[in-house]
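Student: The structure's right below; bear with me while I get my questions together.
The values are calculated or read from the model by the stated rules, or taken from the named source; none is laboratory data. On a predicted model such as this, the values are computed, not experimentally measured, just so you know. We place every Cβ from the backbone using ideal geometry, glycine too, and count neighbours over all the protein chains shown.
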Amino acid sequence: MRLFGTLRLDAGRRRVEVDAATVAEALEKTAAALGLADPGPLLQGAVYVNGERAGMRTRLKDGDELYLLSPAAGG
């Protein structure tokens, strides 16, 4: 999973490698890899799979590219 915005800054890295069947599972594994007790903070971001907006139940297959974008503040 590639991280963007403040999520990337907070994590201190750009990418977390996960093997998951769904977006929800990928977020859980990403949270664990980052040392978070639960994926709650990650759920505030927008998830994209192969450039398309994805929901928590979106099924993943080998080779999918996941992107997690932090929420943006407008002005």
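Student: Which of (1) within 12 Å of the chain's Cα centre (by Cα); (2) in contact (Cβ under 8 Å) with a residue 24 or more places away in the chain does Arg53 not meet, given it meets every other one?
Tutor: The one condition Arg53 does not meet is (2).
Student: Any idea which of Gly35, Gly51 is within 16 Å of Leu7 (Cβ to Cβ) and surrounded by fewer than 10 Cβ atoms within 10 Å (Cβ to Cβ)?
Tutor: None of the others qualify; the one that does is Gly35.
Results for (1) assigned to a helix (DSSP H, G or I); (2) modelled with pLDDT of 95 or more; (3) at negative phi; (4) among the hydroxyl-bearing types (Ser, Thr, Tyr), shown as yes or no for each residue.
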site	(1), (2), (3), (4)
Leu9	yes, no, yes, no
Ala26	yes, yes, yes, no
Lys29	yes, yes, yes, no
Ala37	no, no, yes, no
Met56	no, yes, yes, no
Tyr67	no, yes, yes, yes
Pro71	no, no, yes, no
Gly75	no, no, yes, no
